[in-house]
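Notes follow the structure.
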Amino acid sequence: LKAAQTEDDLPEVMVASGLHTALSKNFRERFIDTGIYTGVTSPEAMKVLPEHFKSLVSNHNIGIYATGYWSIVVDLSLELNQPYPRYWRDLVDSRFKNLITVHGYNGKASIASMLMILKEQLGSSAATDFARNIRNVWHFAEILKRIDSSEPRRTPFNLLPNAATVQMPSRKNAAILEFEDGPVLAPMLMFVKTSKREMCQPLINFFHSNIM
């Protein structure tokens, strides 16, 4: 996606969770704001979306296919000599330095949704401040394996997508920490080439069917 220069470089239908690619400034301005891509949200989903989300979808040409969320899994096998965080913004506090592991791969953290919220609440330096507290960027499979283990680099707080937390073995000495401001939602976006909308409608219908 980052290398795309023209409409011909793009897939007819795009389903993506990477906000840093699909909603990056250059990609959005070139292909979404210009109407080359049209955001697609199912009529059923539009009926139940909160008004704020409906406004975002309608006014900014964004299609929401599905939504996941991020959780903090606490490794209870590690001793912690301070209170737990109560809000997501608490994780920016320097008292959590080297106490956080985040899901990612190839050294890149997959936490764009959370970083956007921290920036909105605390300002432009929030992402950098939070980064100073991260000890590890591991794939979620590695994080789950190392929780409640002898791994010396593991941390008390582990930031994971919900698709990972549901896979955590029940034998692990760990728990999911629920913050007072709720989970961080991570949308999966859906776009279709405007010029190919009619041709792609059967595929869109399939994506929005009970089969999927």
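The values are calculated or read from the model by the stated rules, or taken from the named source; none is laboratory data. All of these numbers come straight from a predicted model, not from anything done at the bench. Please note: Cβ atoms are built from the backbone with ideal geometry, for glycine as well, and neighbour counts cover all protein chains shown. Please note that ligands, DNA and RNA were not included when accessible areas were found on the heavy atoms of the full protein model with its side chains. Shrake-Rupley method; radii C 1.70, N 1.55, O 1.52, S 1.80 Å.
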Inset, instruction - Name the shape class, rounded, prolate or oblate, that the alpha-carbon gyration tensor gives for the range 131-187, where a ≥ b ≥ c are the square roots of its eigenvalues, rounded holds for a/c under 1.5, and otherwise prolate holds if a/b is larger than b/c and oblate otherwise. - result: oblate
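Under 12 Å from the Cβ of ASP93, count the other residues' Cβ atoms, weight Lys and Arg +1, Asp and Glu -1, and hand me the total.
Residues close to ASP93 contribute a combined charge of +3.
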Inset, instruction - Treating cross-link reach as a plain straight distance, find the lysines whose alpha-carbon is under 22 Å from the alpha-carbon of LYS193, omitting any fewer than eight places away in the same chain. - result: LYS2, LYS25, LYS54
Legend entry - Entry for volume of the Cα convex hull per residue in Å³ (calculated from the structure that is shown) out of [x] 161; [y] 143; [z] 122: [y]
Inset, instruction - For the range 96-212, just list the percent of Cα-Cα distances falling in each 10 Å bin from zero outward, please. - result: 11, 34, 27, 18, 9, 1
Legend entry - Whole-angstrom gap from the range 152-212 to the range 1-43, using each part's C-alpha centre: 19 Å
Legend entry - Nearby aspartates and glutamates by direct alpha-carbon distance to LYS172 (threshold 19 angstrom, same-chain neighbours under 8 apart not counted): ASP75, GLU79, GLU142, ASP148, GLU151
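Just from its helices, what would the mean residue ellipticity at 222 nm be for the chain, if runs of 4 or more DSSP H residues each count -39500 (n - 2.57) and the sum is divided by every residue, rounded to the nearest 500 deg cm²/dmol?
-7000 deg cm²/dmol, from helical runs alone.
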Legend entry - Accessible area in square angstrom per residue, the range 47-161, 1.4 angstrom probe: 55 Å²
Inset, instruction - For ALA174, enumerate residues with amide H under 5 Å from its amide H, sequence gap 5+ or separate chain, H modeled in the peptide plane. - result: LEU76
Legend entry - Relative contact order [Cα under 8 Å, 6+ residues apart], the chain, whole percent: 35 percent
Inset, instruction - Tabulate in residue order the Karplus-calculated ³J(HN,Hα) for the range 72-81, using 6.51 cos²θ - 1.76 cosθ + 1.60 with θ = phi - 60°, rounded to whole Hz; enter x for Gly and Pro. - result: 9, 9, 9, 7, 6, 7, 9, 7, 10, 9
Inset, instruction - Count the DSSP beta bridges whose two residues both fall in the chain, then state the antiparallel fraction as a percent rounded to the nearest 5. - result: 75 percent
Inset, instruction - Return the lysines within reach of LYS97: Cα separation strictly under 19 angstrom, same-chain partners fewer than 8 residues apart disregarded; answer none if there are no such residues. - result: LYS108, LYS119
Legend entry - Charge dipole of the range 1-78 about the Cα centre (unit charges at C-beta), most positive-ward option of ILE32, SER71, VAL13: SER71
Inset, instruction - Just reorder TYR37, TYR84 by solvent-accessible area, largest first, 1.4 Å probe, all chains present. - result: TYR84, TYR37
Legend entry - Rounded to the nearest 20 debye, dipole of the chain from Cβ charges on Lys, Arg, Asp, Glu: 420 debye
Legend entry - Heavy atoms of HIS139 accessible to a 1.4 Å probe, total area in Å² rounded to 10: 80 Å²
Inset, instruction - Give, rounded to the nearest 20 debye, the magnitude of the charge dipole that the range 131-212 has about its Cα centre when Lys and Arg contribute +1 at Cβ and Asp and Glu contribute -1 at Cβ. - result: 360 debye
